[in-house]
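I have placed the structure first, in the form of structure tokens, so that the comments after it can refer back to it.
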Amino acid sequence: MWNPLHFLRRRRRNDADFSSEISAHLALETDRLIAEGLPPADAAFEAHRRFGNVRLAQESFHSRRTIPLIEGTARHIRRAARRLVRAPVFSGTAALTLMLGIGATTAVFSLVDGVLLRPLPFRDPAQLVDVSHSLVVHGISHVDQSDATYLYYREANHVFSGVGAYRTSAVNLSTTGTGDRARAERVEAARASASLFSVLGIAPLMGRTFRENEDRPSAPPVVILGEHLWNTQYASDPGIIGRTVMIDGVQHEVVGIMPARFAFPDSRTALWIPIGIDPAQTRSAAFDFHAVARMRPGVTLDAAARDLQALLPHVPEAFPGRLTADAIAITHMRVDVRSLRDTIVGNIGRTLWVVFGAAAFLLLVSCANVANLFLVRAEERQHELVVRRALGASRGVIVAEFLSEAVLLALLGGVLGVALAAAGLGALHSMQSGIAIPRLATAGLNGVVLAVAIGVTLLAALVMSLVPALRSYGPQVASVLMQNGRGTTAGRNRLRARRLFVVVQMALALVLVTGAGLMARSFQSLRSVAPGFDPDAAYTFRVALPDEAYPTTNATVTLVTRALDAMTALPGVQSAGILTKLPLDNEARRDTAVFVEDRPLAMREMPDIHQVAYATPGTFSALGIPFLQGHTFEQPDVARAPLDVIVTHALAARYWSDAQAVGRRLRLSQDGPWFTVIGVTGDVRGTGLDQPPDETVYLPLVTAPGPATANGGAGATHWAPRDLAFVVRSASPSHDITIPVERVLQTLAPSVPVYAVHTMREVLARSTARTSFTLVLLEIASIAALLIGAVGLYGVVSCMVSLRAREMAVRTALGAPPRALRRLVFTQAVTVAALGIVLGVGAALVLMRFLAALLFNVAPNDPPTMLAAVVVMAMVAAAASWFPARRAAAADPAVALRADM
Amino acid sequence: MSTQSRPQILQGTLDLLILRTLAAGREHGQGIARSIQSTSRDTILVDHGSLYPALQRLEDRGWIRAEWGVSDNNRRARFYELTPSGRKRLVHETREWWALADAIALILGPQPSGT
């Protein structure tokens, strides 16, 4: 029968209307009584008398009209606010504690939500998959797509509604001026197949995407701009469609603008140019491309992988080349179909969940602490509450009091926490490039995150208030009043709940401290790994020389030689060189099969894959990479182009053990020319400090012939890479040479942008950024948990001391030495702390397994770390209980005995 | 006073009486009270103070609706009338009342004379 509309109608009728109805009644009744013969004065009186208590009727109307709960709640909240303001220390401590817990949880959840949970911003993102291959070859375990595999899968598959290919590549985008005067900027770009856009299902903001034949190499050059680039570089000019922009020295016609949410392959991608795959000229063994496909409805990842696996052996038939059926069989090539989201998110998930776990623990610790504070408060107010209960206050009212205080505090803590989370996220966004969290841009305080924050806040309020509220049910009036009278020591059972909370806090804090300790150990062992180069005083930047401006090997080598000469001549510069792939940086990495003369391949045996990088003579001294044998390259010389190589110690050890490697020969293709090893460098951990040392072949900047081409034949007679990193070492770390060095290049090649400017120290730090990120967050969480836990223990011990003040006074009066009293208090505190520590160690042993994947050279149950965490906890616990214990012993017994409490 | 000897109205009965009175047509509060009193031959004296909260309750439930009007003797008064759901409610409550009354009568047995 309940109709919500009645509620609205009821609200319309106010108290005044009801009162005037009563007045009307009284007038009518008076009329009637007069009509019955009473004198008018008596009639009015009689009407009033018969009505009874007008005020009572009005109040009954009023309480029906308003919803008593709401009015009562408002009253409770007002009173609770007043009570909290009167207890600033309690309120402040509680709100700040909650701020830490809620802030940490909210911030980390926004990361988890934005990075891990939120679907990709494409149409039906669950259907999108990444297609790659796993294989078993030394040096490489995973390849993506070659043009041949991509084209064949795209044509022959039965499981996809579309397949797109792409390749990331930065380009030089001319921004001002034209011709030789043009200034260019290095921007992240993707080379995309025409199909990519329809596979992802995002329509352009303006214009169109690539046409089907535009992604062939022969097609006229076109470009699609990202919305952000369009906004910043071209002032959101709608007339840009149809105009041309200069990319890598070539005019490209702008055909479309993609919306900002189309952040593919990642949010840095500023523009898209056609991929340039020619079905007639494939390089089937060059796995330079990524493929993304849309599964047809109802197709599973397994089914898709099975379908492609059946196709893979037929790729060589359709596209003959170096990828032979034998090669596929020998390397155990398997098609790997993974959800696109998993591919994009990568392995950051584990880190984020670990950090989220830490934040949740911190929240639990802070809730436990605030619940404890509430218990203290309940105890302080117990006398008052009991008296009020005795005078008839309902239990509901008292529970509501605690609940409203808790809700207020939680709200305050929640607001502060969300502010803290916003600040934390802001800081994280500003250092985005360092940590390299994919999809970080989507992480923010959106509706879902705020809903979770509110939910967490309310839950915190409930937990915090429930315990003292339930306890206010417990004690019987008489027992409390008697307990607080003379002649007894206070009831210890009241301490039980608080002890429990402290045990929980200590245990949780210990888990966090252990986690932070393990990360710290891991970070330390990571940092103690010798990278193999000297990061101090070394400084690097990259340039990419456009083919159009530097069409010949000669032009490239001339520029590089002149630039290096000029740099070396600068005061303060010790050495300078070129390297195509920097250690601990993934840009421009190349891996190639290496054929070693002393290790002929058996039939059907695959050569090992090794990293290849191009270097100049000064590179090794500029990076501080020592030579174990032999010497560095000679100056690059196009005329001679000697067939020399330098290898790292790890590579030399693999093929020639400890024997002399200099003079041995290797080649980079089965029928290519032999290169002679002229030097062996020390080991360099260029892939990651937690990875084995690189097995790298260093080639001189200019070689003859160039890298093998598609069909295994030799390339151009002289070849030099154009995607280069300059490495410059200054005489001392304090000597800043960046500006003059960059000016050298700007003078020699004004149109070539300089980018990725870093010290090698920064490169090194960036490679461990994720570990240090996790470490810093866990450290913050554990320090906060330690502090909160210490405060909790201190509070409990203090409370215990004050409850037993009388007993202690009696003991002192009877001659107990202060030492004995201190020991008494201390023992109690230690019992609580020890219980927490034991529980914490147990929990840590179980939980730290989840940390294992993030650790380097440290076992998740590393005994020294565990021991250190226990010692830290014990020390904090001792400090937190020492002061109340001392106070107990120092108290004047006479005061305690006289006090009427 | 004489109210002492009058039977107390059973809880919930007032609603039924109000609904029954309004079944005859729209009426203001004082009129309802008078009507109940006179129809019961002065046996039931409605407590005016509890009449208006009861009216409000019925109005909240949607069984009656009210609007301000003018009484026979030109006084402003708030007139009540049954809604269709109030009419249904009246039928329902009347049936329940009779069922209850019969049951009580069964328990009490035949009415002794002279009471």
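Derivation of every value follows stated rules applied to the coordinates shown; laboratory data play no part. Owing to the predicted nature of the structure, the values given are computational and were not obtained by experimental measurement. Neighbour counts run over all protein chains shown; Cβ positions are idealised from the backbone, glycine included.
Compared with the alpha-carbon gap, the fully stretched path from A:ASP591 to A:ARG243 is longer by 121.4 nm at 0.36 nm per residue. Note on the protein assembly as shown: dipole from Cβ charges, positive end direction compared against A:PHE361, B:SER38, A:PRO571; the farthest Cα belongs to B:SER38. For the range A:106-115, putting each phi into the Karplus relation 6.51 cos²θ - 1.76 cosθ + 1.60 with θ = phi - 60° gives couplings of 5, 4, 5, 5, 5, 5, 4, 5, x, 8 Hz, in residue order, rounded to whole numbers and with x for Gly and Pro. Residue-wise HN-Hα couplings along the range A:19-29, as the Karplus relation 6.51 cos²θ - 1.76 cosθ + 1.60 with θ = phi - 60° gives them from phi, are 4, 6, 5, 5, 4, 4, 4, 4, 5, 4, 5 Hz; Gly and Pro carry x.
Short-range pairs are left out: with C-alpha atoms under 8 Å and at least six residues apart, the relative contact order of the range A:266-397 is 22 percent. The range B:90-107 and the range A:363-426 have their alpha-carbon centroids 52 Å apart. Each peptide among A:719-726, A:150-157, A:763-770, A:814-821 gets the average number of other Cβ atoms lying within 10 Å of its residues, and from highest to lowest they stand as A:719-726, A:150-157, A:763-770, A:814-821. Ranked by the mean number of other Cβ atoms within 10 Å per residue, highest first, peptides A:679-686, A:404-411 order as A:404-411, A:679-686.
Over all pairs of different C-alpha atoms, the range A:257-388 has a mean inverse distance whose reciprocal, the Kirkwood radius, equals 21.2 Å. Among A:LYS581, B:LYS88, sorting on how many other beta-carbon atoms sit within 10 Å of each Cβ, with the fewest leading, yields B:LYS88, A:LYS581. Seen from a random direction on average, the alpha-carbon convex hull of chain A projects onto 56.2 square nanometres.
Charging the Cβ of each Asp and Glu at -1 and of each Lys and Arg at +1, and nothing else, the dipole of the range A:494-540 about its Cα centre rounds to 760 debye. Only DSSP H runs of four or more residues enter the estimate; each adds -39500 (n - 2.57), and after division by the residues of chain A the mean residue ellipticity at 222 nm equals -16500 deg cm²/dmol. Between amide H atoms placed 1.01 Å from N, distances below 5 Å from A:PHE160 occur with A:ARG296, all of them 5 or more places distant or on a separate chain. Look at A:ASP288, A:ASP892, A:ASP147, A:ASP547 and count the other Cβ atoms within 10 Å of each Cβ; fewest to most, that gives A:ASP892, A:ASP547, A:ASP288, A:ASP147. Looking at the square roots a ≥ b ≥ c of the eigenvalues of the Cα gyration tensor of the range B:69-115, which shape do they give, rounded for a/c under 1.5, prolate if a/b is larger than b/c, or oblate? Cα axes put the range B:69-115 in the oblate bin. Placing a label point 7 Å from the Cα of A:ARG208 along the Cα-to-Cβ line, the residues of the range A:242-266 whose backbone N sits under 11 Å from it are A:255-256. Once amide H atoms are built 1.01 Å from N in the peptide plane, which residues 5 or more positions from A:THR703, or in another chain, come under 5 Å H to H? When sequence neighbours closer than 5 places are left aside, the close amide H contacts are A:TRP719.
Rounded to 0.05, the FRET efficiency of the A:SER218 and A:GLU548 pair, given R0 = 22 Å and the Cβ-Cβ distance, is 0.80.
Applying 1/(1 + (r/R0)^6) with r as the Cβ-Cβ distance of A:ARG261 and A:ALA41 and R0 = 60 angstrom yields a FRET efficiency of 0.15. Our Cα-only numbers for the range A:485-637 put the radius of gyration and Dmax at 29.9, 102 Å. Distance between the C-alpha centres of the range A:601-670 and the range A:522-573: 19 Å, rounded to the whole angstrom. Anisotropy class assigned to the range A:178-258 is oblate, per the alpha carbon gyration tensor with a/c at or over the 1.5 cut-off and a/b no larger than b/c. Amide H contacts of A:ALA184: A:THR175, each under 5 Å away and 5 or more positions distant or on a separate chain (H built 1.01 Å from N in the peptide plane; Pro and chain starts excluded).
Under the simplified labelling scheme, the A:VAL776-A:GLU762 pair shows an inter-label distance of 1.5 nm, with each label point 7 Å from Cα along Cα→Cβ. Phi angles of the range A:371-378 translate, via the Karplus equation with coefficients 6.51, -1.76, 1.60 and θ = phi - 60°, into HN-Hα couplings of 4, 5, 4, 5, 5, 4, 4, 4 Hz per residue; Gly and Pro are given as x. Applying 1/(1 + (r/R0)^6) with R0 = 56 Å to the Cβ-Cβ distance of A:VAL754 and A:SER134 gives a FRET efficiency near 0.90. Once you order the gyration tensor axes a ≥ b ≥ c over the Cα atoms, which shape class does the range A:243-293 get: rounded for a/c under 1.5, otherwise prolate or oblate by comparing a/b with b/c? Note, shape of the range A:243-293 comes out oblate.
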